[in-house]
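K.L.:
Got a structure for you, written out below as structure tokens; questions coming shortly.
The values are calculated or read from the model by the stated rules, or taken from the named source; none is laboratory data. The structure presented is a predicted model; accordingly, all values stated were derived computationally and were not measured. Positions of Cβ are backbone-derived with ideal geometry, glycine not excepted, and every protein chain shown enters the neighbour counts.
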């Protein structure tokens, strides 16, 4: 399996390049951005985060705001009432446990402790925790979003319909630490542009030779095409 993953990474980098991680992200910014990204697209997430920061210039101002005020600021991102409550509770819990609205310590803490701290916050699952540590701290963790999960299932890297926990655990073991960021970005690109939920463009996929799903679909298509002459013969016989 590790040899397969090595080939997958090489083909992705040949097709999409090697994206570089920005080193100027704040962990708390990244956490709130990722909460806002839930059940919406990147554009609406970015608009919601920009409006939130414009309305509340400090995290303390946001912590003291009412959920109604927060919801009004982030409405463009969708699920504003749910996310406003979640954000306020997260900020309160961080301040209660650390004495400050600052998560920079996560970049220095042992990896499992950092993951455990984030996962203990309300509404923070394995993907959100991994996003904070990868994007803001450059830690060797691998977030699994819906695009990556779909591609990984079709490639046979994880079982279909497995839990989020298992998907993160299994892919986290398979992706080499130095490739976590590039593989994450490139698999998302592939999932959005080529390996779509419906009508995937297998003919344009740089990983088609490794894809169990593409092989299954190709075999099924071949079976259907081979049945065409027989179906036509039966139809002619019935016509007479």
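K.L.:
Output the helices (runs of 4 or more DSSP H) that fall wholly within the range 1-80 and possess 1 or more residues being within 30 Å of residue 211 (Cα to Cα), or say none.
P.N.:
2-16, 27-37, 42-55
K.L.:
Going residue by residue through the range 162-175, is there one that turns out to be free of Cβ contacts under 8 Å to residues at least 12 places away in the same chain and closer than 16 Å to residue 4 by Cα?
P.N.:
There is at least one residue in the range 162-175 that is free of Cβ contacts under 8 Å to residues at least 12 places away in the same chain and closer than 16 Å to residue 4 by Cα.
K.L.:
I would also like to ask the following. Given the structure, is residue 132 within 16 Å of the chain's Cα centre (by Cα) and not in a helix (DSSP H, G or I)?
P.N.:
For residue 132, the condition - within 16 Å of the chain's Cα centre (by Cα) and not in a helix (DSSP H, G or I) - is not met.
K.L.:
With the requirement that a residue be within 12 Å of residue 214 (Cα to Cα) and part of a helix (DSSP H, G or I), what does the range 181-202 give you?
P.N.:
202
K.L.:
Considering the range 140-175 alone, what residues qualify as being outside any helix (DSSP H, G or I) and crowded, with 19+ Cβ neighbours inside 10 Å?
P.N.:
141, 142, 143, 144, 157, 158, 175
K.L.:
Only one of 86, 108 is under 24 Å from the mean Cα position of the chain (by Cα), in the same structural domain as residue 52 (by TED's automatic domain parsing) and under 21 Å from residue 47 (Cα atoms). Can you tell me which?
P.N.:
86
K.L.:
Hey, does the range 80-103 have a residue that's within 25 Å of residue 179 (Cα to Cα) and touching a residue at least 40 places away in the same chain (Cβ under 8 Å)?
P.N.:
Yes, there is a match, as at least one residue in the range 80-103 is within 25 Å of residue 179 (Cα to Cα) and touching a residue at least 40 places away in the same chain (Cβ under 8 Å).
K.L.:
Among the residues in the range 209-219, are any over 28 Å from residue 126 (Cβ atoms), modelled with pLDDT under 60 and not in a loop (DSSP other than H, G, I, E, B)?
P.N.:
Checking the range 209-219: not a single residue is over 28 Å from residue 126 (Cβ atoms), modelled with pLDDT under 60 and not in a loop (DSSP other than H, G, I, E, B).
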